[in-house]
Amino acid sequence: MRNPLEELTLEQLRRRTSMKWRAHPPDVLPLWVAEMDVNLAPTIAEALHRAVDAGDTGYPHGKGYAKAVSEFAARHWQWEEMSIGRTRVVPDVMLGVVEMLRLVTDRGDTVIVNSPVYAPFYAFVSHDGRAVVEAPLGPDGRIDLGALEDAFAQARRAAGAHGKAAYLLCNPHNPTGAVHTAAELRSVAECARRYDIRVVSDEIHAPLVFSGARFTPYLSVPGAENALALMSASKAWNLAGLKAALAIAGPESAAELRRMPEEVGHGASHLGLIAHTAAFASGDDWLDALLRGLDENRRLLGDLVTEHLPGVRLLRPQGTYLAWLDCRELGFDEAHTEGIKVVSDLAGPARWFRDRARVALSSGHVFGTGGSGHVRLNFATSRAILTDAVSRMGIALRNGGLT
């Protein structure tokens, strides 16, 4: 199957009306928000066309989505224990995160995150009345188990003997692209049990893992039986505009998931469920071709950074299509910003590259402590666009940078 990342020209992409292609002026190359520059996988497009042609645009029903995810998990991760009976449809992953945190915490309780981490973790958790405590990643972009245990201990002291606390895990991790190993996750589960911390695992990037790494569903780890997780096809098959996600409970948290209000599931789109179900059920060949293309781009990006961006350190991702670039040696002044950040906020190197190179990247400061001086680059695009973007960044540095 042809590389999906090489099917669309820049001219075709500029006709799109989604956030990625409309948030910045037309002369800017957008390598920021997590949308891919691909067409729909053929089996997904066919499923949607059948539904539209039949006028099948009513309310969603049934367990087809959960069955497709369960069968995909068995094929790809050898996870045979996912029970369809312990699942609920939710509108999307972040709204599902909020609802699941409501099941295991109360307003005023603590939620631990590994910073730097996906910016909406801070906004959604804080807006729902929970306090965010950071457990910084290590310099390798992976979970620092010592820092995590310190955060768990802090949360437990704050909660008291009968209080509640939760850990919002990003698995694989956004923005560093770390794919947590089974051993790392077992250590997390042991620590969470020891401190009575409930785990909610965001696994939206789970299908996007490169050779040399292996995705482990958190709920498959011994000790994680009381955890909750969320999965979706939105990142791996580019379905962010077709809302649907799946909440999954471990055997010890099934009763809690059943307490989730029925109306939560009404927010998912019927067409979204059709698309996501088709992705997990029949999108393997397209996904394999995509992963080959992404891996080629991952290698290309490493070569381009070495050639054009001396002083920038690329943290090679094991999964996702997002690359974390350390630009601190370039010497950009990043103004301190207060309050909750949103993904479109720009500061430091991201603002400079947007203004001087006409390349839009995600600003590291929105990802929390440890993010300042970094940028996140989305390499799910064509080789030509990726090469042009990094070349522009290099030219801008040579012509007016601070190195």
Answer from Ala268, Ala229, Ala236, Ala254 - the residue that is touching a residue at least 12 places away in the same chain (Cβ under 8 Å), surrounded by fewer than 24 Cβ atoms within 10 Å (Cβ to Cβ) and small (Gly, Ala, Ser): Ala254
Output for the stretch 47-92, where each listed residue is surrounded by fewer than 14 Cβ atoms within 10 Å (Cβ to Cβ), in contact with a helix residue (DSSP H, G or I) (Cβ under 6 Å, 6 or more places away or on another chain) and under 18 Å from Leu239 (Cβ atoms): none
Residue check for Asp333: more than 21 Å from the chain's Cα centre (by Cα), at negative phi and modelled with pLDDT under 95: yes
Residue list for the stretch 196-226, restricted to those being among the charged types (D, E, K, R) and either under 27 Å from Trp324 (Cα atoms) or open to solvent by less than 10 Å² (accessible area, probe 1.4 Å) (or both): Asp202, Glu203, Arg214
Matching option when the condition is open to solvent by 10 Å² or more (accessible area, probe 1.4 Å) and in the same structural domain as Gly64 (by the TED database), among Glu262, Glu307: Glu262
Test for Ala66: is it under 22 Å from Ile44 (Cα atoms), small (Gly, Ala, Ser) and not in a loop (DSSP other than H, G, I, E, B): yes
Near pairs, Cβ below 7 angstrom, 6+ apart or cross-chain, from the stretch 171-193 (at positive phi and assigned by the TED database to the domain that holds Phe367) to any residue that is at pLDDT 95 or above and open to solvent by 10 Å² or more (accessible area, probe 1.4 Å): none
Where a residue in the stretch 13-28 is open to solvent by 60 Å² or more (accessible area, probe 1.4 Å) and its partner, wherever it lies, is not in a loop (DSSP other than H, G, I, E, B), with Cβ under 7 Å and at least six apart: Arg14/Trp21
Any hit, the stretch 277-294, residues being over 25 Å from Met36 (Cβ atoms), part of a helix (DSSP H, G or I) and either aliphatic (A, V, I, L, M) or in contact with an Asp or Glu (Cβ under 8 Å, 6 or more places away or on another chain) (or both): no
Top-ranked residue of the stretch 357-403 - restricted to ones that are of a type in the set (Gly, Ala, Ser) and within 19 Å of Asn3 (Cβ to Cβ), ranked as surrounded by the fewest Cβ atoms within 10 Å (Cβ to Cβ): Ala384
Any hit, the stretch 180-195, residues being farther than 21 Å from Glu225 by Cβ and surrounded by 17 or more Cβ atoms within 10 Å (Cβ to Cβ): no
Any chance Val111 is within 19 Å of Tyr195 (Cα to Cα), touching a residue at least 24 places away in the same chain (Cβ under 8 Å), surrounded by 15 or more Cβ atoms within 10 Å (Cβ to Cβ) and among the β-branched types (Val, Ile, Thr): yes
All positions within the stretch 170-179 that are touching a Phe, Trp or Tyr at 6+ places or on another chain (Cβ under 8 Å) and either surrounded by fewer than 19 Cβ atoms within 10 Å (Cβ to Cβ) or part of a loop (DSSP other than H, G, I, E, B) (or both): Asn171, Pro172, Asn174, Pro175, Thr176, Gly177, Val179
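The values are calculated or read from the model by the stated rules, or taken from the named source; none is laboratory data. Quick caveat, the model's predicted, so the values are computed rather than measured. Positions of Cβ are backbone-derived with ideal geometry, glycine not excepted, and every protein chain shown enters the neighbour counts. What goes into the accessible areas is simple: the full protein's heavy atoms, side chains included, and nothing from ligands, DNA or RNA. Shrake-Rupley method; radii C 1.70, N 1.55, O 1.52, S 1.80 Å.
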